[in-house]
Structures are given as C-alpha cells and as structure tokens.
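J.: Below you'll find the structure I mean.
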Amino acid sequence: MHVQEKNIAIGSAQDYIVDEGIIVLKLSNNQDDDIQYNYTIDKNHIQFHFCTKGKSKFIFNQGRYSFPVESENSVLLYNPQNELPINAILSPNSFVLSVLISIKKFHGLFSSQADQISFLNNENIGNKFYKEKKLGPMISVVLNQMVQQSLHESTYKLYLRAKVFELMSLYFNKNKEMDIEQCPFLVDDENIKKIRMAKDIIISRMTEPPSLSDLAGEVKISLKKLKQGFKQVYGVSVYVFLLDYKMQVSKRLLSSGNYNVNEVALKVGYSTATHFINAFKRKFGTTPKKYLMSL
C-alpha cells in the first residue's frame, strides 16, 4: 500500500484506561477506503498491536519506517530512547486491538520473570525492542472475547483488565504446547476454518440467517462442535454474535444519515421497527431516534 497515493480518512480510536498504566485501543475500518488512526503515547509504554482481521500498517519516525501487521499477526514495539506515537493505517474491513502498558506496570507484572523476557533482562535494559509474532489459537480466542463481549461500561473495563492479564500470560508463555493443550478443539485447523466460514455465512445473510442445524450442515461440522467451537473462537454463541453484529451495522447506518429508523430495521433483518428499537435499546441503552438526535 502506497500511502501517498490514496485519500485516507482520519478515524478516532476507542480507548479504555483499564488500569493504572494500561490502555486498550480498538481500531476498526468498516469503510471502503483506508483509515488512519493517530494516538499519542509516551516512550515509557510498551506497545502490543494485534491484527485480528484484514491488514494494517504502523508508521513511525515521520514515515521513515513502518511495520505491516496482517490478520492473525501481532507486533510488539518498545523504544525507551524515542517517542513512538501511534500512526496506524487500516485497510478496508480490518480490525486491530492494541494494548499499551507502561514499563513500570509491566515490570510489576513480570518482576520474577524479568530474565526470561528479552527486553527486560539486564543486557537489554534501555535498548529498543521489536518483535513480530503470529497469533496462537488461545490468544485469538482472548482477543475475540475482548472485542465481542457485550457488557455495561461500568463492568466492561474490569473485564478488559482481566483479559489483558490473560493475554500477557499467553503471549509470554514459554510452553509452546500450552496453547493447544488448553483448547483441544482448536488443534484442528480444519475446524477453525469451518467456524470462521460459519461466521462469514451468518454475516452475509444476517437478514435471513440459517438455523444452527442448517449452518452446521453447510460448513460440514456437527451441531455440537459448531456451538462449542464458535463460542471458543468468538467468545459468544452464534446468535449473540449475530445480534451484536447487526447492532453495530445499524449504528453505522444511522450515523451515515442516509436512512431512517424503519429503513435501518429492514436492512439488518427486523420485520418490525418495534423489535429493532427494543434490541437497539438493550444493546446501547438508548433508542435509535435518541441516538440520531445525539449525532
């Protein structure tokens, strides 16, 4: 991707301060063009960027160098010598979850394991550090749970805090077999492909989704494995995932200003506006009409 040849929209990141010294960022692009995200963070923070979908690129030092991070991959960045403000460019249909942890907080979490973590050992203290890493199955599960979980804001930050700790423990886990042993279902790459295919099917047919039995038959997996596998990979059941997806789409359609409430209800698969309004209110705590008025 040649940045200078494209018109790139500027996006705003969702940021959550989940603990002292820990920030979680959600960067998403559901548009047809690239979106650029800028976020200022000081050099005392370690940056973990996890791309769960699509393609992203992190640009530093006024464009002199960049790190591409594609789907199912991550990058760890730490430079105590220079500021590394985040300048991320996401391709269409992409999602990145970033965790920013102050070095002080990180030392507190891993003080007893400092010698085992490359950039914390005595030889590397004060040096910059960069590491690319492919996402293992269990890390992917935790990331999906952090993205998909629907909780009230008052408890969501607490949930994210716990998940950040879980994510770090898996990321720095020395036992390479642990990822597989903790979740036998995910050992089978074919099963993972089928679960992802099931997710793509319900998204593409969200207005008339297939039954669970039909969906299982279509992706050639047992109903039991579909239910168990979907929840393990995405953190929620099939229809809870679909409902969350519908609500996010409806919010985006309302924000565009091109559709009224009735039109949005039909587009996301509700036969009556009343059912849509009730679902929207349960999800976001306000009605579509009030949401429109707030824009």
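J.: Give, as residue ranges, the strands (runs of 3 or more DSSP E) completely inside segment 45-102 that count at least 2 residues that are free of Cβ contacts under 8 Å to residues at least 60 places away in the same chain.
T.: Per the criteria, 45-53, 55-60, 65-70, 73-78.
J.: Taking the options Asp214, Asp244, name whichever one is of a type outside the set (Ser, Thr, Tyr), under 30 Å from Val141 (Cβ atoms) and more than 26 Å from the chain's Cα centre (by Cα).
T.: Asp214
J.: Can you tell me which residue among Glu132, Glu123, Glu153 is under 30 Å from Gln62 (Cα atoms), assigned by TED's automatic domain parsing to the domain that holds Tyr16 and at pLDDT below 85?
T.: Matching residue, one of Glu132, Glu123, Glu153: Glu123.
J.: So, one more: Can you confirm whether Leu253 is assigned to a helix (DSSP H, G or I) and in contact with a Lys or Arg (Cβ under 7 Å, 6 or more places away or on another chain)?
T.: yes
J.: Looking only at segment 251-271, filter to residues that are in contact with a helix residue (DSSP H, G or I) (Cβ under 7 Å, 6 or more places away or on another chain) and at pLDDT 90 or above; which one of those is farthest from Thr52 (Cα to Cα)?
T.: Asn262
The values are calculated or read from the model by the stated rules, or taken from the named source; none is laboratory data. As the structure is a computational prediction, the values presented were derived from the model and not from experiment. So basically every Cβ, Gly included, is an ideal-geometry build from the backbone, and we count neighbours across all protein chains shown.
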